[in-house]
Amino acid sequence: MKDTNAIAAPVIEARGLGLTFETADGPVHALKDVTLTVEKGDFVSFIGPSGCGKTTFLRAIAALEHPTEGTLTVNGMDPDAARRARAYGYVFQAAGLYPWRTIAGNIKLPLEIMGFSRAEQEERARKVLSLVDLEGFGRKFPWQLSGGMQQRASIARALAFDADILLMDEPFGALDEIVRDRLNEELLKLWARTEKTIGFVTHSIPEAVYLSTRIVVMSPRPGRITDVIESTLPKERPLDIRDSAEFIAIAHRVREGLRSGHGDEV
Amino acid sequence: MKDTNAIAAPVIEARGLGLTFETADGPVHALKDVTLTVEKGDFVSFIGPSGCGKTTFLRAIAALEHPTEGTLTVNGMDPDAARRARAYGYVFQAAGLYPWRTIAGNIKLPLEIMGFSRAEQEERARKVLSLVDLEGFGRKFPWQLSGGMQQRASIARALAFDADILLMDEPFGALDEIVRDRLNEELLKLWARTEKTIGFVTHSIPEAVYLSTRIVVMSPRPGRITDVIESTLPKERPLDIRDSAEFIAIAHRVREGLRSGHGDEV
Amino acid sequence: MRSVLPILTVLAAIVAVWYAGAVWLNSQWSYDQAARAGVEVTFGEVVSDTLKQDRPVLPAPHQVAEGLWTGVTGQKVTSKRSLVYHGWITFRATLLGFAIGTGLGILLAVGIVHDRAMDMSVMPWAIASQTVPILAIAPMVIVVLGGPPLNLPPLIAKAVIAAYLTFFPVVVGMVKGLRSPEGAQLDLLKTYSASRSQTFWKLRLPASMPYLFASLKVAVAAAVVGTIVAELPSGAVAGLGARLLQGSYYGQTVQIWAALFAAATLAAGLVVLIGLIERATLARMGMAR
Amino acid sequence: ADDVTLQLKWVTQAQFAGYFVAKDQGFYEEEDLNVTILPGGPDIAPTQVIAGGGADVTVEWMPAALAAREKGLPLVNIAQPFKSSGMMLTCLKENGVASPEDFKGKTLGVWFFGNEYPFLSWMAHLGIPTEGGADGVEVLKQGFNVDPLLQKQAACISTMTYNEYWQVIDAGISPDDLVTFKYQDEGVATMEDGLYVLEDKLADPEFEDKMVRFVRASMKGWKWAEENPDEAAMIVLENDETGAQTENHQKRMMGEIAKLTAGSNGALDPADYERTVATLLAGGSDPVISKEPEGAWTHQITDKALQ
Amino acid sequence: MSWFWGAVLFWLAAWAFNAWLARQPVAATRAVGLFVPALFGVTLLVLWEGIVRGLNVPGVILPAPSAIWGTIKASVPVLWGDFVQTILKGALSGYVIGCGAAILTAIAIDRSPFLQRGLLPVGNFVAALPIVGIAPILVMWFGFDWQSKAAVVVVMVFFPVLVNTVAGLAATERMQRDLMATYSASYVQTLLKLRLPAAMPFIFNGLKIATTLALIGAIVAEFFGSPIRGMGFRISTAVGQLALDMVWAEIAVAALAGSAFYGLVAAAEKAVTFWHPSQRGRQ
Ligand SMILES: Nc1ncnc2c1ncn2[C@@H]1O[C@H](COP(=O)(O)OP(=O)(O)OP(=O)(O)O)[C@@H](O)[C@H]1O
Ligand SMILES: Nc1ncnc2c1ncn2[C@@H]1O[C@H](COP(=O)(O)OP(=O)(O)OP(=O)(O)O)[C@@H](O)[C@H]1O
Ligand SMILES: Cc1ncc(C[n+]2csc(CCO)c2C)c(N)n1
Ligand SMILES: [Mg+2]
Ligand SMILES: [Mg+2]
């Protein structure tokens, strides 16, 4: 747990959080006793085996699920209030673009809902499209793009309205390594420039290590946090930092953490 | 018609292969001038950016697509004949389990079609389920399992009938690193034990290097082979071979090959 | 266009079967007549007779075509003997009923999707409502609406019956359509903290369009049936339904079949029209691939 | 002018020539009436239309009117332009029916929808059960046309002298091949095509006056039609909105109708009424009316109209 | 008048209660799932009774529910006989034959895109033929007893089921079919193990639509000639006799039978297509 020497309240604060799904086969303990504090400007990655509750935790922060135990606050408020205050942008595991809207139309969707002016909408759509390298694709429909391009469009959509918190659920899962590297770099730049707080779910150890200030290792049944690793890497991170001894050491520690969590299953 | 004459014909042989899709927007050259020979017992990985034709090539081998140019033989016959001879098992990019069958039912599906006896079906289903660590899940339905478990079930399905050729299209894409590592190891063991010939599509450079005897690097528009890298790694490969200099060198070469292919896009 | 040949083939097959059926079904009468007249007839004579009877059990295709042709071109379109005139009357009521039924259906669907109480209570009764034999209550509806204090013109009364048959497919399709967005699509709007009406206009409604059009095609055919049913008891004065009934009453099989084909053509034309609108709409929405 | 709405029992045809003639020849206008004639049809119960207020006066058969009266709809006969009944059973000779005794074991086509009462009474009279079996008759609810006879689904069917009978002839069967049983001749005739209104409205002098004028003009129309049958048929034809009627058929029908209206000046003959009621009361196990009706007819209108 | 306002008041109160109940956690239970629509139905009946009594609607125009109930109780044997004639003999046999034939036809033309392209548009045209026109013809062909009613039902249900089945047989995903191809499965194997199961949700869609059509078809066909029993016969003759209580009693039986029929098919659908997302969502 991080020490709160800063002035502000933590951006995300979970205490003894538990979340149980009632299903026909009995209850599923998706999260149990999760305690975590995320400060403003943190880049926190969540890593862990399939089904360990990463998505569930992110969704709870976004008030898309409701914890059954413990407390959770976002910007000091309860998550529902934070959602209504439009505190965050969310990138889903699947792109989920609306097929009847063009790419630009999809990106403008949150802007329309939040009541931005026409001109502002155009301007922002243009900007984020170029950020994810999709200039010129604004008038295409989603199904005219490859899966990777769709995923980038969905990232652009989450960036368009410039929320302070960005929650991303395996945003780069569908991309190949080269594109992924490029987007990783872009994301780091964006984060450095805007001081956003980012929650990031991934399956990839190098990705988690490369991006994060903090890596949260989770383990399933019940979903819980088994390790929180503070990154000692500098804020400035060229791609080849991944060959540094420090990087490899952190990656090793993450892998160990994961492996121990895996002990009981697979 | 199989290689009775000892050293034998190549298992897969493509010469000047081209495949063009006619679409409303004009032709898409998914494959162009692809020449490749795969010998019995080879483990060939295909790597390359999204849309470079990896899936298309694998599908052509499986006679699911029909080349528009060049020649392609499988076990010395034309691919359709090989398909009818049930020469291969195929693992699709998505699990594609039938939702109305249980996991065990899905695994027995090819066995039923190929006319295995009831007892044999049970036996084989049990065996492959334990191979992919899904003991006890045989009676669940696909939608009751996580994505990763579904993917493993689909691998089990392809393994169940024990074909000599195994074609796998990003089989581990949806899995986390730990499980992936484990399945990579299992796959290598299986391959060493059974002398199968394996065609394997992946996005992950380490995975390709770790598994393959040969790595085929592809590049898009039109989809073509830009590099074929013979692995110098020994057949026996513990996981930590990935930290060896030799491994890193091969991985580097693959990355370079990929990057050059990427030059023109994204 | 690839379908032209197959359709023609199927039509040719149907016409052939039809001729065979006409000979088969009408021959009884030919033989009976011959027996009554006390003459012997050959099979050839019977066949030629079966294809030109005045009151055939099954009129031959050319007889029906002739009936249609004279019905359409044999007189001015404003004449009461013109199928165009009767078709027009049916068409107007159909369209009005279709509009009312579609509007009502969409409103009900919106209510059902947004209000749990409506969802739970209305649907079973909407289903039950369609099991009521419409032909049984049509006369009563006509009497009630046409008489005082309402005194509605027959057009409206017919439209009400047509609407009764229209609304159901629209409700079913529209409820399905408005519910078609997946959880992820809804969650996305939740993260924007979108209001219910924003969710409706930006997600549910566009997502429901393919479903809506599919049901509109069913509904418009049902509206034609409804109008024709309503035309039977509305005094059997005008419209294809009245034509049908008159033909039936006087045993004019050719007239029945001509009116029947006119009605089916009307319905099929409307379905095609909706298909065109669907194509245009979905293309504009980028949903036609 | 005063508005009057008349509901017919059936589709526009010469059966109702008198009313169309009265309208066409201006007889209603002369009485300062503006008459709307609503055609009927197989699905229209005139009694229901009048109960719903859709018409002021309706053409109906007496059995249906009396049945409605028992059901609580107080219909009153104010005039009776038809003297005789035109209903009969028409049989194909080849089916072996020569007399009512031959009905047993046969299938007979009967009109329902309120028109079945005369038949049921007749069968009760003959002592033939209508439940089928060797001793009874199988009853088939006859549709709109004469097909059951032509298709041999029934040995006999119900016809009107002026309409369906001729359809059978037109279909190509010669009268020699047919046997007919007229209800009139069998002594079980019930009154057809009378004019009926709601009882309580008659108390209103204004309405009474309207009906007096209406009946007067209508009877004038009937007599004109009897004298000029061909012209009357043409008038009917002009009024047929469906365009389905043919000149030949309507002219012939008018000729037959004239035989039925002959002998009526419009006033109901109480003897005919008594016979109808007696026939109906004998109506077997499920009688049409269970007791002698009261006040089901009146001369109140015809007395004034015909003086 | 007090009847009228009382009924309106009752209706509002019941609606409020239903709305409240639907918001409660118990709303998910089966009992409430049945209770809410039942209460809704009761309120409709009360409103109807209130309007009829309050506005003095004559019984020959619209009888009150209480009067209809009285008739139902008094005429059980008649209603039962009509039910057997129309629903069991006419509708059910026609439904089974029509749906069966449609599914078999769909499978038969499945291998011929040529036939499909030709037959479906023509089929849609035939389906647009109004039954009121077809019924007299079929009565003419098949006689006046229940066989002709069954024939009408066959004609009515055939095309909706055919169209849905054809669509269903085409509804498999490419990957699912490719999988079968990699096994080099025969046509029959693919049909039995993939395409029919995948088509079930569509087929049931057609079967559900067909239930209401079957009922309407059987009843309406009786208007065009019938023996002297059956629901359509009773309705048409009762209208002529102004016995509207009997008419509504038959309508009530029809609605009840129709809903039960629909419910039965829906239950079968649930059992067969348990795996489909639309069924899984509802546990
Ligand atoms: N709506 C739900 N109903 C019941 N169980 C659920 C639901 N959503 C998630 N779960 C269960 O909760 C657990 C955690 O799921 P979650 O989606 O958070 O996993 P994850 O860590 O995101 O996995 P992955 O890496 O596969 O995306 C799993 O066991 C899952 O089956
Ligand atoms: N059925 C098809 N019709 C038209 N174009 C197609 C079709 N299938 C594939 N393509 C095109 O062929 C090209 C190669 O596609 P393919 O699926 O083989 O790529 P891939 O290398 O497997 O990509 P990924 O890594 O995203 O799976 C792409 O441009 C794709 O759009
Ligand atoms: C369905 C039905 N069939 C027969 C009649 C009896 N009917 C009463 S008047 C009339 C006209 C005769 O030309 C006929 C046939 C009916 N009312 N409804
Ligand atoms: Mg997840
Ligand atoms: Mg691929």
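Here are the numbers:
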{"item": "Qualifying residues in the stretch A:186-208 (those that are of a type in the set (G, A, S) and within 10 Å of chain B (Cβ to nearest Cβ)) - the one surrounded by the fewest Cβ atoms within 10 Å (Cβ to Cβ)", "result": "A:S204"}
{"item": "Matching residues, the stretch E:104-126, being crowded, with 22+ Cβ neighbours inside 10 Å and more than 12 Å from chain C (Cβ to nearest Cβ)", "result": "E:A106"}
{"item": "Residue satisfying all of: in the stretch A:147-175; assigned by TED's automatic domain parsing to the domain that holds A:D133 and within 12 Å of ligand 2 (Cβ to nearest atom); surrounded by the most Cβ atoms within 10 Å (Cβ to Cβ) among these", "result": "A:Q151"}
{"item": "Output for the stretch D:33-70, where each listed residue is under 19 Å from D:L202 (Cβ atoms), within 14 Å of chain C (Cβ to nearest Cβ) and either within 16 Å of ligand 5 (Cβ to nearest atom) or not aliphatic (A, V, I, L, M) (or both)", "result": "D:P46, D:T47, D:G52, D:G53, D:G54, D:D56, D:T58"}
{"item": "Failed criterion for E:R177 (all others in (1) over 30 Å from D:E138 (Cα atoms); (2) surrounded by 19 or more Cβ atoms within 10 Å (Cβ to Cβ) hold)", "result": "(2)"}
{"item": "Check on B:G53, assigned by TED's automatic domain parsing to the domain that holds B:E195 and away from ligand 5 (no atom under 14 Å from the Cβ)", "result": "no"}
{"item": "Lone unmet requirement of (1) modelled with pLDDT under 85; (2) away from ligand 4 (no atom under 16 Å from the Cβ) for A:E122", "result": "(1)"}
{"item": "One residue from B:I103, B:I61 being within 16 Å of ligand 5 (Cβ to nearest atom), under 25 Å from B:E186 (Cα atoms), surrounded by 23 or more Cβ atoms within 10 Å (Cβ to Cβ) and at pLDDT 90 or above", "result": "B:I61"}
{"item": "Within the stretch A:33-132, helices (runs of 4 or more DSSP H) holding 1 or more residues that are more than 18 Å from the chain's Cα centre (by Cα), away from chain B (no Cβ under 14 Å) and not polar (S, T, N, Q)", "result": "A:79-84, A:103-113, A:118-131"}
{"item": "Residue among B:K40, B:K54 that alone is under 30 Å from A:A94 (Cβ atoms), away from ligand 3 (no atom under 16 Å from the Cβ) and touching a residue at least 12 places away in the same chain (Cβ under 8 Å)", "result": "B:K54"}
{"item": "Search result, residues across the stretch D:1-32 that are more than 14 Å from chain C (Cβ to nearest Cβ) and surrounded by fewer than 20 Cβ atoms within 10 Å (Cβ to Cβ)", "result": "D:A1, D:D2, D:D24, D:Q25, D:G26, D:E29, D:E30, D:D32"}
{"item": "Residue match in the stretch A:168-188 (condition: closer than 19 Å to A:L36 by Cα and at pLDDT 85 or above)", "result": "yes"}
{"item": "Subset tally (residues that are closer than 19 Å to C:V113 by Cβ and either among the hydrophobic types (A, V, I, L, M, F, W, C) or free of Cβ contacts under 8 Å to residues at least 12 places away in the same chain (or both)) for the stretch E:1-52", "result": "11"}
{"item": "Condition met for C:A37 (among the small types (G, A, S) and closer than 30 Å to C:A223 by Cβ)", "result": "no"}
{"item": "Scope the stretch B:165-183; condition of a type outside the set (D, E) and either assigned to a helix (DSSP H, G or I) or within 16 Å of ligand 5 (Cβ to nearest atom) (or both); matching residues", "result": "B:L167, B:M168, B:P171, B:F172, B:G173, B:A174, B:I178, B:V179, B:R180, B:R182, B:L183"}
{"item": "Any hit, the stretch A:8-15, residues being without any contact (Cβ under 8 Å) to a residue 40 or more places away in the chain, more than 16 Å from ligand 3 (Cβ to nearest atom), within 30 Å of A:R237 (Cα to Cα) and over 20 Å from the mean Cα position of the chain (by Cα)", "result": "yes"}
{"item": "Residues (within 14 Å of chain E (Cβ to nearest Cβ) and either out of contact with any Lys or Arg (no Cβ under 8 Å at 6 or more places or on another chain) or within 16 Å of ligand 4 (Cβ to nearest atom) (or both)) located in the stretch D:71-105", "result": "D:K71, D:G72, D:L73, D:P74"}
{"item": "So E:L129, is it farther than 27 Å from D:T107 by Cα, of a type in the set (A, V, I, L, M, F, W, C), within 14 Å of chain C (Cβ to nearest Cβ) and not in a helix (DSSP H, G or I)", "result": "yes"}
{"item": "Checking C:V122 against (1) farther than 29 Å from E:F224 by Cβ; (2) among the β-branched types (V, I, T); (3) under 20 Å from the mean Cα position of the chain (by Cα), the condition it does not meet", "result": "(3)"}
{"item": "Helices (runs of 4 or more DSSP H) within the stretch E:190-283 that include 2 or more residues crowded, with 24+ Cβ neighbours inside 10 Å", "result": "E:196-221, E:231-240, E:244-272"}
{"item": "Residue check for B:G257: buried (at least 17 other Cβ atoms within 10 Å of the Cβ), touching a Gly at 6+ places or on another chain (Cβ under 7 Å) and of a type in the set (G, A, S)", "result": "no"}
{"item": "Residue match in the stretch C:244-255 (condition: of a type in the set (F, W, Y), in the same structural domain as C:A138 (by TED's automatic domain parsing) and at pLDDT 85 or above)", "result": "no"}
{"item": "The one condition in (1) at positive phi; (2) among the charged types (D, E, K, R); (3) under 16 Å from the mean Cα position of the chain (by Cα) that D:K152 fails to fulfil", "result": "(3)"}
{"item": "Of the criteria (1) within 12 Å of chain E (Cβ to nearest Cβ); (2) over 24 Å from E:M231 (Cα atoms); (3) free of Cβ contacts under 8 Å to residues at least 12 places away in the same chain, which one C:V122 fails", "result": "(3)"}
{"item": "Filter result for the condition that a residue is in contact (Cβ under 8 Å) with a residue 60 or more places away in the chain, more than 21 Å from E:L138 (Cα to Cα) and within 33 Å of the chain's Cα centre (by Cα), over C:G71, C:G67", "result": "C:G71"}
{"item": "Matching residues, the stretch E:50-91, being charged (D, E, K, R) and surrounded by fewer than 20 Cβ atoms within 10 Å (Cβ to Cβ)", "result": "E:R53, E:K73, E:K89"}
{"item": "The stretch E:153-197, residues that are facing another protein chain (nearest Cβ under 9 Å), more than 22 Å from B:A63 (Cβ to Cβ) and in contact with a helix residue (DSSP H, G or I) (Cβ under 8 Å, 6 or more places away or on another chain)", "result": "E:P160"}
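This table checks each residue for (1) of a type in the set (F, W, Y); (2) facing chain E (nearest Cβ under 9 Å); (3) over 30 Å from E:P136 (Cα atoms).
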| residue | (1), (2), (3) |
| --- | --- |
| C:Q252 | no, no, no |
| C:I256 | no, yes, no |
| C:L260 | no, yes, no |
| C:A263 | no, yes, no |
| C:A268 | no, yes, no |
| C:V271 | no, yes, no |
| C:L276 | no, no, yes |
| C:R279 | no, no, yes |
| C:L282 | no, no, yes |
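The values are calculated or read from the model by the stated rules, or taken from the named source; none is laboratory data. The structure displayed is predicted, hence computed values, not measured ones. Counting neighbours? That spans all protein chains shown, and the Cβs are built from the backbone with ideal geometry, glycine included.
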